[in-house]
Each structure stands twice: as C-alpha cells, then as structure tokens.
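Shown next, in structure tokens, is the structure this report addresses.
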Amino acid sequence: MPAPGAASPAAWGRRPGALSAGPLRRLAAGTGAMALAEMRKLRHDHLDLLTRSVQPLLWLFLFGTALRHNRSLTVGKLDYRVYLAPGVMAQAAMFIAIFYGLAVIWERDVGQLQRLLATPLPRAAIVLGKSVGACVRALAQALLLLSVLAITGIALRWSLLGLVGALAMLMLGTGAFACMSMLIAAAVKERERFMGIGQLVMMPLFFASSALYPLAIMPGWLRAIARVNPLTYEVQGLRQMLVGVGVSGVLWLDFLVVAGFFAAMLAAATRAYPKAIQ
C-alpha cells in the first residue's frame, strides 16, 4: 500500500494541466504568466514611468510650442501640438520598446535567462509575454500623456471608439518594436553595444516617419523611406483616430501593416531567443 500522499505510478507521467493542454492553451498560459511577471515589475517601478513621461511632454510643449505657428508642418489651421501629439505618443512608446532588450542581456548575465529557457514554456510565450510587459508600460505612459492633453485643453478628437482604437494600435506597434529589441539582444552580448545599436535603429525610424511632419513636405528620397517605415503607419493610424487627420479609408491598411510587422518580429525573435544564452 503506497504511503499517504505518495503519487501513484499512474500519476508519475502526468504533466500539469497547462502543460498537457493544446499548443494554443500552452501559449496563452505561458504568455499570461510572463506578462504578469512583467506587470509586477512595473508596479514597483513608478519612478521609471514618471521619468520616461517627461520626454514626450518636452517634445509636445517645448518643440511643439516653438513651431506651432509654422503652417508647413501641419494640416490646414490645425494647432501643431495637436498634430504632433500622436507622433510623440508613438515615439515615447517606441523608446520604451526598443530598449526592452536590455532586460534580456541583464537576465542572461545573472543566469535568469538560462533558467527561463529550461522551463517547458513555449519560446513564443516568453517573447510574447515580455512584449506585453512593454505594451503595459507604453499604455500607462500614453494614458498619462492623454490626461495631460485633456487638462491643458489640447483639442484631440475625444471619442471612445477612437481612443480604444488608438491604444490598440499603440500596443501593436510597441509589441513589434519590443520583439525587434529582443531580436537585437539575442545577437548582441554587451549592454553598451546594445545601447548604441538601439539609438542607431530608433532615431532614423523616428525622423524618417510622419511623427514630426507630413509626408508631403519631405524630399522624394525621404518620403520613399518613410513609406516603408512601420512607424509611419502607426503614427498615421493614431493621428486619424485621435485627430481626424489622414487619408480617409486607409485605416485598415495602417492596422494591417503594423500587425504584419508585429507578426514578423515575433516570429524572428522567437526563433532567435535561445541564441541569447550562447
């Protein structure tokens, strides 16, 4: 007779429910667990959130105010700060996401990444969960920025559907850039080198997009680059939903491009992630 509390031989081969489930359930459970761990970090890191929120406010109220009377930078009689707000929101979220790979390098240096990759969690769940963590940080920062805009009376187009759509677009873009960051971190072993590459990637993406100025005023060669820049489509979608400025009827294309970019970066980062421990 087996001792009380001892597992029966039939139970020895059993696996926990989440691990014996189908691939989609395992992916969802693993993503949820990783996302929860990332959100717990945010709960204890309020100072980081506040300090990161300073940069978009500086762009908006210093840069935007200085150039608000330059009509070539906006559309019609629209206040340039209103035009700039979606671009600043996207840039701040990208700044969070593009340096998210630093956490991967730190986790490798302390041995945490090796233990994480030894678990039965799907690799896609690990990458997706970490990108959700970046999305939560970007969402909290965006809500803070929107609150400041409402308080200061900057006239966005305040509608529930537009806000929900804009936040969904922002999280898609942030998740994509977070996956890109993890892809870079899998190939780069030093934090200093990663910082340099992150700046090299982020600044051209930002300036070669419609975040600061309309595509119409760009020279032809820069406009061609902007049209293959995923940040351009993210900003255009945000601007159409929050401001009402944009090409009517192409919002679906903005979502399609950003979602496709996210899927491609997720697949590439999932494939490359185990190389981060080599």
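The values are calculated or read from the model by the stated rules, or taken from the named source; none is laboratory data. No experiment lies behind these values; they were computed from the predicted model shown. Cβ coordinates were reconstructed from backbone atoms using ideal geometry, including for glycine residues, and neighbour counts include every protein chain displayed.
Report, by residue number, each residue of the range 199-212 that is touching a Gly at 6+ places or on another chain (Cβ under 9 Å) and assigned to a loop (DSSP other than H, G, I, E, B). I'd like the intermediate steps shown before the answer.
Initially, the range 199-212 is screened for residues touching a Gly at 6+ places or on another chain (Cβ under 9 Å), giving 206, 209-212.
Those that are touching a Gly at 6+ places or on another chain (Cβ under 9 Å) and assigned to a loop (DSSP other than H, G, I, E, B): S209, S210, A211, L212.
Residue count for the range 166-184 under the criterion of being of a type in the set (S, T, Y) and surrounded by fewer than 24 Cβ atoms within 10 Å (Cβ to Cβ): the result is 0. Selection of the range 215-245 for residues being in contact (Cβ under 8 Å) with a residue 12 or more places away in the chain, buried (at least 16 other Cβ atoms within 10 Å of the Cβ) and in a loop (DSSP other than H, G, I, E, B) yields N229, V243, V245. Within the range 121-144, residues that are farther than 14 Å from G175 by Cβ and outside any helix (DSSP H, G or I) reach partners that are modelled with pLDDT under 80 and not aliphatic (A, V, I, L, M) with beta carbons closer than 7 Å, at six or more positions or on different chains, in the pairs L121/G30; P122/R26; P122/G30.
Yes or no, residue by residue, for (1) out of contact with any helix residue (DSSP H, G or I) (no Cβ under 9 Å at 6 or more places or on another chain); (2) assigned to a helix (DSSP H, G or I):
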{"site": "R157", "(1), (2)": "no, no"}
{"site": "L161", "(1), (2)": "no, yes"}
{"site": "A166", "(1), (2)": "no, yes"}
{"site": "M171", "(1), (2)": "no, yes"}
{"site": "T174", "(1), (2)": "no, yes"}
{"site": "M182", "(1), (2)": "no, yes"}
{"site": "K189", "(1), (2)": "no, no"}
{"site": "E192", "(1), (2)": "yes, yes"}
{"site": "I197", "(1), (2)": "no, yes"}
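Tell me, please, whether a residue that is of a type in the set (S, T, Y) and at pLDDT below 90 can be found in the range 266-274. Walk me through it before giving the result.
Initial filter on the range 266-274 (of a type in the set (S, T, Y)): 270, 273.
Pick out the ones that are also at pLDDT below 90 and you get 270, 273.
Yes: one or more hits.
Residues in the range 106-150 that are modelled with pLDDT of 80 or more and either under 18 Å from A268 (Cα atoms) or not hydrophobic (A, V, I, L, M, F, W, C) (or both): V127, L128, G129, K130, S131, V132, G133, A134, R137, Q141, S147.
For F194, the conditions (1) within 26 Å of G64 (Cβ to Cβ); (2) surrounded by fewer than 24 Cβ atoms within 10 Å (Cβ to Cβ); (3) under 18 Å from the mean Cα position of the chain (by Cα) all hold with the exception of (1).
Among residues of the range 175-203 being without any contact (Cβ under 8 Å) to a residue 12 or more places away in the chain and not acidic (D, E), the one that is farthest from P86 (Cα to Cα) is R193.
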